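The values are calculated or read from the model by the stated rules, or taken from the named source; none is laboratory data. All values reported here derive from a predicted model rather than from experimental measurement. Cβ sites come from the backbone with ideal geometry, for glycine too, and all protein chains shown count toward neighbours. For the accessible areas, the whole protein counts, side chains as well, though only heavy atoms, and no ligand, DNA or RNA atoms are used. Shrake-Rupley method; radii C 1.70, N 1.55, O 1.52, S 1.80 Å.
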Amino acid sequence: GVALVNPDFEQIGGDGIPGWVIVQHAGPPAYSMSIDVDGAYAGRGSFHMQRTQPQVYGSLEQTLDARPYAGKTVAVSAMLKTQGVGAEGWKLYITAQLPGSMAYSTGLTGNAGWQRDAVQLRIPANARQLTVGVTLLDAGEGWMDDVALKVVN
């Protein structure tokens, strides 16, 4: 696997989510994002996001140097669960920050227990940055734990 920072959300305490960046669509804060120490899939913590008012998306992401993966297919996987998520879903994504270079997982909707979800993307040869994350595209709340990034081929 590839070294992500804090992929299992075990770095608890302090502000924000260590190693990760919180992103949301324009406008006032519409998401509660935190490390949940009561509902982890494994270990002490999992990431938890809840939409608190209508908004297009909220995301948690991590960006890496894409050059080692140029021309290769990479996959990100994670354990996800949901509560009350609308039809647009709670999904993993990978982007190489170039036109057309973004992929979403199937994701979860409704109320779903922990299950592994995954998505893969071929990284263009000229990509400089690679971003992996999870996004909530509808109402409800989602959890993520045990994130892994690997080269498929």
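For this structure, a couple of remarks:
- Karplus-derived 3J(HN,Hα) values for region 35-52, using 6.51 cos²θ - 1.76 cosθ + 1.60 with θ = phi - 60°, are 8, 9, 8, 9, x, 6, 6, 8, x, 9, x, 9, 8, 10, 10, 9, 7, 9 Hz; glycine and proline are entered as x.
- Contact order normalised by residue count of the chain, Cα under 8 Å, 6+ apart, percent: 31 percent
- In this calculation the C-beta distance from ASP15 to THR106 is compared with R0 = 22 Å, giving a FRET efficiency of 0.10.
- The trypsin sites (Lys or Arg not before Pro) of region 35-141 meeting both criteria, a DSSP state outside H, G, I, E and B (loop) and at most 15 other C-beta atoms within 10 angstrom of the site's C-beta, are ARG44, LYS72, ARG128.
- Simple Cβ-charge dipole of the chain, Lys/Arg +1 and Asp/Glu -1, about Cα centre, in debye nearest 20: 580 debye
- Accessible area per residue for the chain is 47 Å², calculated with a 1.4 Å probe on protein heavy atoms, without ligands, DNA or RNA.
- Computed over region 71-145: relative contact order in percent, which uses C-alpha pairs under 8 Å that are six or more apart: 46 percent
- Length gained on full extension, ALA70 to LEU4, computed as 0.36 nm times the residue gap minus the Cα-Cα distance: 22.0 nm.
- Of every Cα-Cα pair in region 1-90, the percent that sits beyond 21 Å: 40 percent
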